[in-house]
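Let me begin by presenting the structure, written as structure tokens, before commenting on it.
The values are calculated or read from the model by the stated rules, or taken from the named source; none is laboratory data. A quick note: this is a predicted structure, and the numbers were derived from the prediction, not measured. Reconstructed Cβ throughout: ideal geometry from the backbone, glycine too, with neighbour counts over all protein chains shown.
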Amino acid sequence: MRIIEDPAELSSLSLRRCGFVPTMGALHEGHGSLVRLAAAGGRPVVVSIFVNPTQFGPKEDYARYPRTLDSDCALLEPLGVAAVFVPSVEAIYPRGLEAARVESAALALPDVATMPGLEDSCRPGHLAGVALVVGRLFDLVGASAAYFGEKDFQQLRLVDDMVEADRARFGGLKIVPCATIRETDGLAMSSRNRYLSADERIAALALSRALQLARAAERVKDAEAAMHEVLVSCGLETEYAVVRDARTLMPVDESTTALVRPTRALIAARLGHTRLIDNASMAREH
Ligand code: PAF
């Protein structure tokens, strides 16, 4: 497994047409599952580890985001990864961070990224920063397929629409959605779970519990009410707990039944200093 910092070295390795798993490191079994799926595609696998400053707000956890390269490589090595790309901020943003932030703010994003009441309302600029870095990484890596977890559902929808809207730039790149991997008690795996205290770790189960109740509800408004109730009763501060159209992420008529068309329940909530997100398909068979 090669560890590569220099984009020019990455290009020289003829790993184009690889399976690509972009990450910010602090890897866990959720990332492991993305890599396994990429490897099953039969192509060499490239994983990037880059804590992207442009997707963090000024008061967010960029500085304290866990940087654990040694244990990340230990997780990746047995999975048959061909290369781990660990670029510097300068390599990704050669014109400087200020210029990158200006560029990110000016990006024309697909509608799913700016849908009111979701990530953009709570973390302005976050998804623009994701779009900027993911586009850069796709340009540098030149993969055939890129693997994204459903846990960051709006991110997944954004990247998919972004690639679809610019085939001239991204060619035949396929975005592969990968199911959320959960701890045995239901908590969605996340690099940020390590911020949780023992008590918060228990309270965090409210997210998966809320999603279960939402899936059992007949109507959208009952699903949303049930999610809010669980989150509040477990002491979480809800940013959103909504049911949306699964493709466009637009609001759905709250009096309709959840099963009329593909819908997705989406939650963002805070526990102390930690922000957690989770989501689930409202389709009964999933
Ligand atoms: O999901 C993540 O880890 C990040 O948002 C990504 C896609 C690697 C972009 O920095």
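See the values below:
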| quantity | calculated |
| --- | --- |
| Lone unmet requirement of (1) part of a helix (DSSP H, G or I); (2) in contact with a Gly (Cβ under 7 Å, 6 or more places away or on another chain); (3) within 26 Å of residue 147 (Cβ to Cβ) for residue 180 | (1) |
| Number of the condition not met by residue 201 [criteria: (1) assigned to a helix (DSSP H, G or I); (2) over 20 Å from residue 118 (Cα atoms); (3) within 16 Å of the ligand (Cβ to nearest atom)] | (3) |
| Residue 159 crowded, with 22+ Cβ neighbours inside 10 Å, within 14 Å of the ligand (Cβ to nearest atom) and over 19 Å from residue 274 (Cα atoms) | yes |
| Residues of region 254-283 classified as of a type outside the set (Val, Ile, Thr), in contact with a helix residue (DSSP H, G or I) (Cβ under 7 Å, 6 or more places away or on another chain) and at pLDDT below 90, total | 3 |
| Residue tally, condition more than 9 Å from the ligand (Cβ to nearest atom) and within 15 Å of residue 23 (Cα to Cα), over region 133-145 | 7 |
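Condition check ((1) small (Gly, Ala, Ser); (2) away from the ligand (no atom under 16 Å from the Cβ); (3) in contact (Cβ under 8 Å) with a residue 40 or more places away in the chain; (4) touching a strand residue (DSSP E or B) at 6+ places or on another chain (Cβ under 9 Å)) across all residues:
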| residue | (1), (2), (3), (4) |
| --- | --- |
| 11 | yes, yes, yes, no |
| 34 | no, no, yes, yes |
| 45 | no, no, no, yes |
| 56 | no, no, yes, no |
| 62 | no, no, no, no |
| 73 | no, yes, yes, yes |
| 82 | yes, yes, yes, yes |
| 88 | yes, no, yes, no |
